[in-house]
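First the structure, in the form of structure tokens, and then the observations on it.
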Amino acid sequence: MDAEIIIVGAGLMGTSAALELSRRGHRVMVLEQFDAGHSRGSSHGPTRIFRFSNQDPIYVELALEGWRDWQRLERDLGAAVVEPTGGIDIGEGAALCAQALSECGVAFEELDATEISERFDLHVAADSYGIFQESTGVIAASKVVASQAHLASLAGAEFRYGVKVRSVSPGPNGVEVVVEDGSITAERAVVGAGAWTRQLAQTAKIELPLVVTKEQVAYFSIARDLPVIIDWNEPTHYLVPKRYEAAGIRVGLHHHGGEVDPDLGPFEPTDDGIEEVTSWLEGISGQKPGLIAGETCLYTNAPNEDFVFAQDGPLLVVSACSGHGFKFGPRMGRAAADLIEDKDPGLPARLIWRERPDDSTESDPATP
Ligand SMILES: Cc1cc2nc3c(=O)[nH]c(=O)nc-3n(C[C@H](O)[C@H](O)[C@H](O)COP(=O)(O)OP(=O)(O)OC[C@H]3O[C@@H](n4cnc5c(N)ncnc54)[C@H](O)[C@@H]3O)c2cc1C
């Protein structure tokens, strides 16, 4: 065997799994097609939203459980990577979040339009409903991915960048991983390939109904500090305050991008998308923001926006995205390590795909 455990992908999921498995003493090799810190996948950019709220109670529970994984990472790093800023949800979706939070016993404040505009100086419709949570905040996204890779290397993991995996084949004696110049064998393997998960899983005859979309964000300068904002009114907009090395506040549209081939693109931000978020920001803040830059990023969308753990013997395929996966990164890394060790990952059954689950329960649980 060339390796005990091979991990495909050095994004959030791959580095979370690599760190957890290395901490547990496993010999880990991570294969990444691009360079460290590339911006072609789903985990680049300075910031992401952290929050306990979600429209689906199972994700509220997972975020609560996952908080200790973030604390462990911060202890290991000796630095904070999640900064509470306070966060406000506005619109219909906020009521669904309130319901899920109540079900899980998580505190939040309910606000009407007057309270929203007086407290946060935001311009919202007169009949707006909102919820506020102190615990919502900002994750240092690209720093987390780099730090997890660094800690995993310190714990013995080997990272090989610029290595594209062509196929993965689970068998009775382990997994054969084919790369450009030959193949590598391992006792077990984890595929954390983000937007490329569906095509790589197909090489192992695992069919996953994942759809990749190109999503857009833009960075702005604005003369005041704002909380995290999720505006559920269609189309759904979100705002991430300026933290860590972000050039400005980050504003995006959720599930608004078209389907895209992760190898072919196009990957450039569009003027329409930038105009859309600029006018939303101007409307809600009542100020003319200064555009700094636009950026695109890929969502890997699963039915019900669920996270997917598909296992076939020694091979585990993980896709925790649908635009809301970052806040669960370290927790999902722990789940992947448990599954690789044939332990109970403590995940809701519907996230584990040994057979294709019934996805008739259509709902729209997630936002960033
Ligand atoms: C615009 C945007 C905003 C978001 N906002 C939030 C937010 O505010 N809060 C939140 O919680 N979540 C958010 N998310 C979701 C979160 O960022 C993702 O869920 C998470 O980054 C997914 O990580 P990943 O490891 O699955 O994918 P990636 O980071 O893309 O990692 C996959 C890696 O696998 C590599 N790879 C793929 N195929 C191969 C191969 N064949 N060989 C070798 N390497 C390969 C890729 O190059 C890539 O580096 C957002 C996502 C986007 C796009």
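Within the set Glu176, Glu187, the sole residue that is open to solvent by 50 Å² or more (accessible area, probe 1.4 Å), outside any helix (DSSP H, G or I), without any contact (Cβ under 8 Å) to a residue 12 or more places away in the chain and in the same structural domain as Arg334 (by TED's automatic domain parsing) turns out to be Glu176. Which pairs have Cβ atoms under 6 Å, sit 6 or more apart or on different chains, and link a residue in segment 158-173 that is over 19 Å from Ala17 (Cα atoms) to one that is within 11 Å of the ligand (Cβ to nearest atom)? Going by the 6 Å Cβ cut-off, the qualifying pairs are Arg166/Val178; Ser167/Val178; Ser167/Thr203.
The set of residues from segment 222-259 being open to solvent by less than 20 Å² (accessible area, probe 1.4 Å) and within 11 Å of the ligand (Cβ to nearest atom) comprises Val228, Ile230, Tyr238, Leu239, Val240, Arg250, Val251, Gly252, Leu253, His254.
Could you tell me whether segment 39-56 includes any residue that is among the aliphatic types (A, V, I, L, M) and assigned to a helix (DSSP H, G or I)? Within segment 39-56 (the criterion being among the aliphatic types (A, V, I, L, M) and assigned to a helix (DSSP H, G or I)), the answer is no, since none of the residues qualifies. Of all residues in segment 94-142, those satisfying the criterion of being closer than 20 Å to Phe328 by Cβ and either among the aromatic types (Phe, Trp, Tyr) or in contact (Cβ under 8 Å) with a residue 60 or more places away in the chain (or both) are Phe108, Gln133, Ser135, Thr136, Gly137, Val138, Ile139, Ala140, Ala141, Ser142. Scanning segment 186-214 for residues that are within 11 Å of the ligand (Cβ to nearest atom), of a type in the set (D, E, K, R) and over 15 Å from Val260 (Cβ atoms) gives no hits. Taking each residue of segment 321-332 that is open to solvent by 10 Å² or more (accessible area, probe 1.4 Å) and looking for partners that are part of a helix (DSSP H, G or I) and within 6 Å of the ligand (Cβ to nearest atom) with beta-carbon atoms closer than 7 Å, six or more apart or interchain, yields Cys321/Gly194; Phe326/Leu12.
The values are calculated or read from the model by the stated rules, or taken from the named source; none is laboratory data. The structure presented is a predicted model; accordingly, all values stated were derived computationally and were not measured. As a convention, Cβ positions derive from the backbone with ideal geometry for all residues, glycine included, and neighbour counts pool all protein chains shown. These area figures cover heavy atoms from the full protein model, side chains too; ligands, DNA and RNA do not enter into them. Shrake-Rupley method; radii C 1.70, N 1.55, O 1.52, S 1.80 Å.
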